[in-house]
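See below for the structure under consideration.
The values are calculated or read from the model by the stated rules, or taken from the named source; none is laboratory data. These numbers come from a predicted model, not from an experiment. So basically every Cβ, Gly included, is an ideal-geometry build from the backbone, and we count neighbours across all protein chains shown. Ligands, DNA and RNA are excluded from the accessible area calculation, which covers all protein heavy atoms including side chains. Shrake-Rupley method; radii C 1.70, N 1.55, O 1.52, S 1.80 Å.
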Amino acid sequence: METTAEELFELAAGGMAIVGLDGRWLKVNRSLCAMLGYTHQEMLETDFQGITHPDDMDTSLEHARRAFDENVKTINFEKRYIHKAGHAIWVDLNIAVVRDNQNKPSYFIT
């Protein structure tokens, strides 16, 4: 029996997400929700800016902008998210932009 990409995404031990170009969470896996303390629905009702530590916002937005460069394949950096309970969670974030068949950005995988 073959495992689908959808199942692998959901079962991944690390937090994974598909993020819209506007920063909204489009899809999140169980690991990310558990790590940050939010339910699946709560995550989908916000965006990465809403749970990014204020001191890391400028850096996060700059890295997101850099990801649009066609020559950049992935971006890796450390940042803090705010756990639902209020404390900071350090993450090692990897960003990749998925492009359509006309090479226009469609969404981020983080």
Completion exercise
Rounded to whole Å², per residue accessible area for the chain with a 1.4 Å probe reads 61
Handout entry: Two-site label geometry, residue 4 and residue 92: point separation in nm, points 7 Å out along Cα→Cβ
Key = 3.1
Practice task
Tally up the carbon and sulfur contribution to the accessible surface of the chain as a whole percent, 1.4 Å probe, everything protein left in place.
Solution key: 52
Practice task
Taking the Cα centre of region 2-109 as origin, sum charge times position over the Cβ atoms of Lys and Arg (+1) and Asp and Glu (-1), and report the length of that vector in debye to the nearest 20.
Solution key: 80
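Are there GluC sites (Glu not before Pro) in region 41-71 that DSSP marks as loop and that have at most 10 other Cβ atoms within 10 Å, and which are they? Spell out each step's value before the answer.
Working: sites: 42, 45, 62, 70; in loops: 45, 70.
Those satisfying the criteria are 70.
Restricting to DSSP H runs of at least four residues, report the calculated mean residue ellipticity at 222 nm for the chain, -39500 (n - 2.57) per run over all residues, nearest 500 deg cm²/dmol.
Working: 5 runs with 33 residues, N = 110.
Result for the chain: -7000 deg cm²/dmol, rounded to the nearest 500.
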Handout entry: Largest to smallest accessible area among 31, 106 [probe 1.4 Å]
Key = 106, 31
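Hey, could you grab the Kirkwood Rh for the chain? Inverse mean 1/r over distinct alpha carbon pairs, Å, one decimal. All intermediate terms of the calculation are to be shown ahead of the outcome.
Details: mean 1/r = 0.0690 Å⁻¹.
Mean inverse Cα-Cα distance, inverted, gives 14.5 Å.
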Problem - Cα-based shape type of region 1-64, given that a ≥ b ≥ c are square roots of the gyration tensor eigenvalues and the cut on a/c is 1.5 - result: prolate
Fill in the blank from the handout: PRE zone check, label point 7 Å out along Cα-to-Cβ of residue 53, amide N under 12 Å, scope region 67-102, hits 78-83, 87-92
